[in-house]
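S.K.: Here it is, the structure, as structure tokens.
The values are calculated or read from the model by the stated rules, or taken from the named source; none is laboratory data. Being a predicted model, the structure only gives us computed values, none of them experimental. Counting neighbours? That spans all protein chains shown, and the Cβs are built from the backbone with ideal geometry, glycine included. Remember, those area values only see protein heavy atoms, side chains included, never the ligands or the DNA or RNA. Shrake-Rupley method; radii C 1.70, N 1.55, O 1.52, S 1.80 Å.
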Amino acid sequence: MSPSRRRSLIRQWPTVVWLAFVWVLLWGRPTVANALVGLVLGALVTATLRMTPIAFHGKVRPLGLLHLIARFAIDLVRASFEVSVVALRPRHVPHGAVIGVQLRSHSDLYLTLTSELCSLVPGSLVVEAHRLTGKLYLHVLDVEQSGGVEAARQTVLDQEERVLRALASDDELRQAGLPLRPSRRRGRRVEGVSA
């Protein structure tokens, strides 16, 4: 193994650890032997397969990450219920559509995370992603139940914003056109005003 390949493998230690973690999950038993085999396989995969490293210039924000995970869990439960309603409704024909969503960030990492999170929620599936333009194309199972095309598009943009708020640097947030501090509530009503 050449010195440059060794340096590359050392720089990719998070990938090796992640692959080992996935290996242990696949076996279902967190044993020392499974972890060691996972580390060896992770090192072999990263050493033999040429993977383009993805530059991460952001920072992990614990509150943003917690919000991302919690909201994803809520979306997962809600969407599972909605898909089951669509599947069990007699004589209802869902009106699916493929929609294009222009993301604010052009980072490969944020594009990938956003598309994966959108695909994991039942009722939507990313069918194409353009790296250069930062555009996702999603198939939505039932546009009417999603609230229309614009609502489905906004759901993807909200998911991207949560990803950016969890992992992006201040500069990346500015480049995406997002304020550094998230607004409390969108469309909040002003109370105490009488008409």
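S.K.: Pick from V156, V60, V126: which is most flexible by mean-square fluctuation in a GNM of the chain where alpha carbon atoms under 10 Å apart are linked?
M.R.: V60
S.K.: So, one more: Would you please put 34-45, 88-99 in order of how densely packed they are, using the mean number of other Cβ atoms within 10 angstrom per residue and starting with the highest?
M.R.: Highest to lowest by the protection proxy: 34-45, 88-99.
S.K.: Let me ask something else. Taking the structure as given and computing log10 I(q)/I(0) by the Debye sum over Cα atoms at q = 0.08, 0.10, 0.13, 0.19 Å⁻¹, which label from (1) -0.27, -0.41, -0.66, -1.26; (2) -0.38, -0.57, -0.90, -1.32; (3) -0.31, -0.47, -0.76, -1.31 fits?
M.R.: Among (1) -0.27, -0.41, -0.66, -1.26; (2) -0.38, -0.57, -0.90, -1.32; (3) -0.31, -0.47, -0.76, -1.31, the one derived from this structure is (2).
S.K.: With a 1.4 Å probe and all protein chains left in place, how much accessible area per residue does segment 67-139 have, in Å²? Let's see the in-between values first.
M.R.: Details: 4350 Å² over 73 residues.
That works out to 60 Å² for each residue.
S.K.: What net charge is computed for the residues neighbouring L68, neighbours being all others with C-beta under 13 Å from the C-beta of L68, Lys and Arg scored +1, Asp and Glu -1?
M.R.: Net local charge, L68 excluded: -1.
S.K.: Given an 8 Å cut-off on Cα distances and at least 6 residues of separation, report the relative contact order of the chain as a percent.
M.R.: So the answer I get is 21 percent.
S.K.: How large, in percent, is the carbon and sulfur part of the accessible surface of the chain at a probe radius of 1.4 Å?
M.R.: 63 percent
S.K.: For segment 72-183, what's the relative contact order in percent, using C-alpha pairs closer than 8 Å and at least 6 residues apart?
M.R.: Once normalised by length, the contact order is 28 percent.
S.K.: Shifting gears a bit: Using the Cα centre of the chain as the reference point, and only Cβ charges (+1 on K/R, -1 on D/E), how large is the resulting charge dipole? Debye, rounded to the nearest 20.
M.R.: 540 debye
S.K.: Right, something else. Do the sum for the chain: with -39,500 (n - 2.57) for every DSSP H run of n ≥ 4, divided by all residues, what is the mean residue ellipticity at 222 nm, to the nearest 500 deg cm²/dmol?
M.R.: -18000 deg cm²/dmol
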